[in-house]
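The values are calculated or read from the model by the stated rules, or taken from the named source; none is laboratory data. Being a predicted model, the structure only gives us computed values, none of them experimental. Please note: Cβ atoms are built from the backbone with ideal geometry, for glycine as well, and neighbour counts cover all protein chains shown. Surface accessibility is based on the protein's heavy atoms, side chains included, excluding ligands, DNA and RNA. Shrake-Rupley method; radii C 1.70, N 1.55, O 1.52, S 1.80 Å.
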Amino acid sequence: MKILVVNGPKLNQLGTRKPEIYGHLTLQEVESALKEEFGKDHEVDFFQSDFECGLVEKIRSFKGDILIINGGALSHHSVSLLKALRAVESYKVEVHISNVFQREEFRHKSAIASACNAYLTGFGTNGYLLAIKGAILNLTNNK
């Protein structure tokens, strides 16, 4: 399967920005662990941007099976990300590292969740691994 993991603003600062909330692993370490876990059997690509239009372009151009998105703060208000995700026919999972429901009120709503097949929050960086495993299981069990 072809898998794309998309990360939004400030996620390139994992490991150094608010480690008490987001953990100590860097984005590169998370990506390496996912490649190690899934790269032998699947094509796994990664993309991170602090810019909404870069995320939208990457999502709209994706022609694969599974798209994992952590849109960061953009997840909570971006209609552009919502429309881009709706235009993609792959299995989509929204991921958040922290439990957004234990944080500020504005984080309790997602602008993009309705375009996704599943939603994971609060599992730390393990959420990416769980999202990919769950998507693979759902896609292979539904064939």
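Tabulated values for the structure
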read-out: Members of segment 56-89 that are crowded, with 21+ Cβ neighbours inside 10 Å and under 16 Å from Tyr128 (Cβ atoms); value: Ile66, Leu67, Ile68, Ile69, Asn70, Gly71, Ser75
read-out: Filter pass, Ser49 being of a type outside the set (A, V, I, L, M) and within 25 Å of Ala84 (Cα to Cα); value: yes
read-out: Helices (runs of 4 or more DSSP H) completely within segment 14-114 that count 2 or more residues being under 22 Å from Asn138 (Cα atoms); value: 27-38, 79-86
read-out: Residues located in segment 90-128, provided they are charged (D, E, K, R) and surrounded by fewer than 19 Cβ atoms within 10 Å (Cβ to Cβ); value: Arg103, Glu104, Glu105, Arg107, Lys109
read-out: Residue count for segment 7-30, restricted to those that are exposed (fewer than 14 other Cβ atoms within 10 Å of the Cβ) and of a type in the set (Ser, Thr, Tyr); value: 1
read-out: Segment 32-61 residues that are under 17 Å from Ser75 (Cβ atoms), paired with ones that are open to solvent by 30 Å² or more (accessible area, probe 1.4 Å) and aromatic (Phe, Trp, Tyr) (beta carbon under 6 Å, 6 or more apart); value: Lys58/Phe47
read-out: Enumeration of residues in segment 125-143 that are modelled with pLDDT of 95 or more and in a loop (DSSP other than H, G, I, E, B); value: Thr125
